Amino acid sequence: MKRQEEIVQADVLVIGGGIAGMQAAIAAAEQGANVVVAEKSDTRRSGSAATGTDHFKCYIPEYHKVSLDEMLAETSQSIVRGIQDLDLMRISLGRSFEIAQKWESYGINMRPTGEWNFEGHTMPGKPKMWLKYNGCNQKILLTKAAKERGVTILNKVVINELLTEDNRVIGAIGINIREEKGELILFQAKTVIITTGHTMRLYPGINPAYLFNLSNCPANTGSGTAMALRAGARVANLDMPYLHAGPRFFSRSGKATWIGVYTDFYGKTVGPFVTAPTRELGDVTPDVWNDVFREKMENGTGPVYMNCSQTSQEDIDYMMTQFVSEGDTSLLDYFAQYEIDVRTKMVEFGMYENSFAAKGVEIDQTAMTSVYGLFAAGATAGNVRSDVADCAVWGQVAGENAAQLAKEISFSEIEEHHTVKEKEAFYQAMLSRQEGAYWKEANSTLQQIMGTYVGTKIRSESLLKAGYCYLADLKKYAEKQLKATDSHELMRCLEVLDLIDVAMVAAKMAENRKESRGMYHKRSDFTFTNPLLNNKMQWAQKTEDGFQLGYRNVRK
């Protein structure tokens, strides 16, 4: 592997070009910073929001006619609560309308009906917080806005490691995967923002034979969390996985885009919230009863269907238009190919693979991590929710603060950094091996370990300890045996190694949570929910001896 002679300098280096990454780049550039975005794919169509989204969590004082604190109180008791810091939720809500207006100025259609319109994901009688918009071209327009502000975008560049000095980030190591054998690129940065998205491909998918048949971007493999962890940053909530839902086996989300009612095989409604299709509310049954699809299949009362037989033709037409906004065009193609009329054919729904959405790097109110100069936003952040609006808001916050901090910092020498030499030799070893293991072997083995020992149906100390031992063995074998014939396969090998790092800390944190909590952390040896851990967040930090673990109060 050759090394690019020129070192890339940036006041603000953004790792990942999804929603959070592009908003961070725009915000930092508007502060006058020299901004570089490194994206392993192409920023015009990358990340989990690549093909579109149609719900934007938003608070508009004139529309909602309640104070921010009142809206926060409602939100903190709603389906989006989760384990997150309330001070960060307040910032998300407080700046959401500002971002919606910015997006409209970029050309994103935030008012398809001509006015601010809130629909779906809503409990009867509760405030409507989901702004309905058309996000089918949002990535193209965000990329355009970034370029107009002078942002340098390096597509097909994988960042694999952060460079630090005295608990301060000073740069990163990247690989240009346009080159067949890869080209090492060194980044010298005053500040760095990690925005690498969800952690996918960690657990078996709904069709394990196809590793990329996933509900979110399969290139999002927890790399930002793994890099930050190796750099010494604290992570949070990795003991609590998340499952999403949608048409069974189709691996395409957007359940709130549907206008219908969830029913059983005989047409009887499953949830208590709506009995007839409503465009305003949708059916929030799976938002409240997260495990409804899996639970009813396992107890024999399933399947559960999305039933649109009573939906008006006007609402059906509207729903089909909104599938385009959401990026569900493959679903529309399927309907057309098999001549499926959703008014006469119920569509079975099911759960997708486990992932770590909004479980990752811990940030403060400026979006900075515990490593000085290292910021995180979007689904990489572990103590704030990561829907589209949160990704955009925290991208904005991270970009603003990273740019301001960069004005106070000088560049540090990186070329002779010991990590550069170690990683360069490591990459070269994988590219040079004539015999060894293919990345898919390691990835499928990882999924089997996680699904069996660190799963979501039942957990125990013995299962989690055994799983951690197997993960440690897998890491050792993978580092010694993985081979890559070109830079693309090298990228896949590095993704799997990052996944293993995330898996190991997840297993440790799950073992340390000695209680049962929520749908997906059920301990057979601790069947109760410990009230002393209510409103507590678990964190972890890598040490020379393994991991330091602890709990802290959720910030108000």
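The values are calculated or read from the model by the stated rules, or taken from the named source; none is laboratory data. This structure is a prediction, so every number in the text was calculated from the model and none was measured. Methodologically, a virtual Cβ is constructed for each residue, glycine included, from the backbone with ideal geometry; neighbour enumeration extends over all protein chains shown. Protein only, heavy atoms only, side chains kept; ligands, DNA and RNA dropped before computing areas. Shrake-Rupley method; radii C 1.70, N 1.55, O 1.52, S 1.80 Å.
A few points about this structure:
- In a reduced charge model with +1 at each Lys and Arg Cβ and -1 at each Asp and Glu Cβ, segment 456-499 shows a dipole moment near 240 debye about its Cα centre.
- Other residues lying with their Cβ under 10 Å from the Cβ of Cys308 contribute a combined charge of 0, Lys and Arg counting +1, Asp and Glu -1.
- Top positive-direction residue, dipole computed over segment 123-233 with Cβ charges, set Tyr210, Thr191, Leu141: Leu141
- Peptides 146-158, 83-95 ranked from most to least packed by the mean count of surrounding Cβ atoms within 10 Å: 83-95, 146-158.
- Mean Cβ neighbour count within 10 Å, used as a protection proxy, ranking 46-52, 514-520 highest first: 46-52, 514-520
- Over segment 304-434, relative contact order from alpha-carbon pairs under 8 Å, at least 6 apart, %: 18 percent
- Gain on full stretching of the segment that runs from Ile458 to Asp317 - 0.36 nm per residue minus C-alpha separation: 46.5 nm
- Rounded to 10°, Cα long-axis angle of helix 487-512 versus longest principal axis of the chain: 70 degrees
- Peptide packing: for 406-415, 478-487, 5-14, the average count of neighbouring Cβ atoms within 10 Å per residue gives the ranking 5-14, 478-487, 406-415, highest mean first.
- Its Cα centre serving as origin, the chain has a Cβ charge dipole (Lys and Arg +1, Asp and Glu -1) of approximately 800 debye.
- Per residue, the average separation of C-alpha pairs within less than 8 Å and at least 6 apart gives segment 248-346 a relative contact order of 31 percent.
- Pairs beyond 32 Å (Cα-Cα), from Lys40/Lys190; Lys359/Lys423; Lys181/Lys508; Lys132/Lys345: Lys181/Lys508
- Additional length obtainable on full extension of the chain from Lys556 to Arg45, 0.36 nm per residue less Cα span: 180.3 nm
- Rounded to the nearest 20 debye, the dipole size of segment 281-432 about its Cα centre is 220 debye, using +1 on the Cβ of Lys and Arg and -1 on the Cβ of Asp and Glu.
- Ligands, DNA and RNA are left out, and with a 1.4 angstrom probe the accessible area of segment 341-429 is 33 Å² per residue.
- Extreme residue, positive dipole direction of the chain, given options Gly107, Ile173, Ala276 (C-beta unit charges): Ala276
- Backbone N under 16 Å from the Thr329 label point (7 Å along Cα→Cβ), restricted to segment 115-140: 134-140
- Near Thr263: Cβ cut-off under 15 Å, other residues only, Lys/Arg at +1 and Asp/Glu at -1. The net charge is +3.
- The relative contact order of the chain, computed from alpha carbon pairs under 8 Å that lie at least 6 residues apart in sequence, is 21 percent.
- Once backbone amide H atoms are built at 1.01 Å from N, Ile193 has Leu13, Val14, Ile15, Phe375 as its partners under 5 Å, excluding neighbours fewer than 5 places away on the same chain.
- Per residue, segment 66-136 exposes 40 Å² of accessible surface when a 1.4 Å probe is rolled over the protein heavy atoms with every protein chain present.
- Accessible surface of the chain, 1.4 Å probe, proportion on carbon and sulfur as whole %: 48 percent
- Residues within the reach of a label modelled at His418 (point 7 angstrom out along Cα to beta-carbon, backbone nitrogen below 13 Å), restricted to segment 494-527: there are none.
- For segment 110-123, 3J(HN,Hα) per residue [Karplus equation, 6.51 cos²θ - 1.76 cosθ + 1.60, θ = phi - 60°, Hz, x = Gly/Pro]: 8, 9, x, 8, x, 9, 5, 10, 10, 8, x, 6, 10, 7
- Inter-label distance for Ser432 and Asp87, nm, one decimal - labels placed 7 Å from Cα along Cα-to-Cβ: 4.9 nm
- Euclidean distance of C-alpha centroids, segment 401-460 and segment 24-48, integer Å: 22 Å
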